[in-house]
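Below you'll find the structure, written out as structure tokens, and then a few comments.
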Amino acid sequence: MKPILTLFQRELRSYFATPVAYVFIVIFLLLSGAFTFYLGRFYERGQADLEPFFQFHPWLYLFLVPAVAMRLWADERKSGTIELLLTLPVTMGQAVLAKFLAAWSFVALALALTFPIWITVNYLGDPDNGVIVTGYLGSLLMAGAYLAIGACLSAATRSQVVAFILSVVVCFLFLLAGFPLVLDLFRAIAPQSLVDAIAGLSFLSHFNGISRGVIDLRDLIYFLLTIGFWLYANAVVIDLKKAD
């Protein structure tokens, strides 16, 4: 665990070495507040819950999380520091996990800074705080899934812009996997069993249940398996690309 912790601390500090981290946090807080109070009509609904807050997280993460993930490996490959990183006494899996956990912790910090909305809803009414806690948990797990996808695609290219675009496209497909927009592409060429399996990959369907306070083990396993799969793919891609 010591190599992972050392690399984790190095990566997390690097986020705050430039203004990018602060810009990301400010944008996330402003957008989440604007969506909650204006598009979500938080006050007009007259209900003491955070449904208008959580319902926009999948769309916020669609663009903001890939912006965090795009630099994870693309920057290392472009600058050539990936060779130096891999000469350190860390395994490939440890390096992938440490960089992912650092980025996930950074996103978790941005999410935690939205606590004033939680205080606000408790001041205005008597919400079910258990539901709010599960909403934050679901949001964090979904952000981790976005981030794992972005990290893998970042390792596949030297360009941060390309990594960002690819991540947004892939995350968008996962987000809307259960919608006709995506399913209609497969119905003509794939059996119904495969179409049903693709529909079950939707981030929205798994997140919506958790955000409403329903902790289904299948939803938790889905997000954890998604993160694990893409982190494994991340390590495989780095191993294939390290000679480039």
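Name the helices (complete DSSP H segments) of the chain with a Cα length along the long axis of 27 Å or more and a Kyte-Doolittle mean of at least 0.5, or state none. Each step should come with its number before you reach the end.
Numbers: long enough: 92-112 (30 Å, 1.63); 129-155 (39 Å, 1.46); 217-241 (36 Å, 1.22).
Those that clear 27 Å and a mean of 0.5 are 92-112, 129-155, 217-241.
Between Ile119 and Val162, what's the calculated FRET efficiency when r is the beta-carbon distance and R0 is 45 Å? Round to 0.05.
Details: r = 41 Å, r/R0 = 0.90.
Given R0 = 45 Å and the Cβ-Cβ separation, E is 0.65.
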Cα→Cβ-extended label distance, 7 Å offset, between Phe179 and Leu225, nm = 2.4 nm
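Test of understanding: express the Cα radius of gyration of the chain as a ratio to 2.2 N^0.38 Å, with N the residue count.
Working: Rg = 18.8 Å, N = 244, 2.2 N^0.38 = 17.8 Å.
That ratio works out to 1.06.
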Length gained if Arg13 through Val133 is fully extended, taking 0.36 nm per residue and subtracting the Cα-Cα distance, is 40.4 nm
How large is the dipole of region 2-241 about the Cα centre if only Lys and Arg carry +1 and Asp and Glu carry -1, each at its Cβ, rounded to the nearest 20 debye?
-> 660 debye
For Lys78 and Val23, FRET efficiency with R0 = 22 Å and r from the beta-carbon atoms, rounded to 0.05?
-> 0.60
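For Cα pairs less than 8 Å apart in space and 6+ apart in sequence, what is the mean separation divided by the residue count of region 2-241, i.e. the relative contact order in percent? Before the final figure, lay out each step's value.
On the way: 278 pairs, mean separation 65.2, N = 240.
Computed over region 2-241, the figure is 27 percent.
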Which one of Leu7, Leu183, Phe56 has its Cα pushed farthest toward the positive end of the charge dipole of the chain, where Lys and Arg give +1 and Asp and Glu give -1 at the Cβ?
-> Leu7
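FYI, it's all coordinate maths here, none of it is from the lab. Since the model is a prediction, treat every value here as computed from it, not as a measurement. Glycine also receives a Cβ, built like all others from the backbone with ideal geometry; neighbour counts cover every protein chain displayed.
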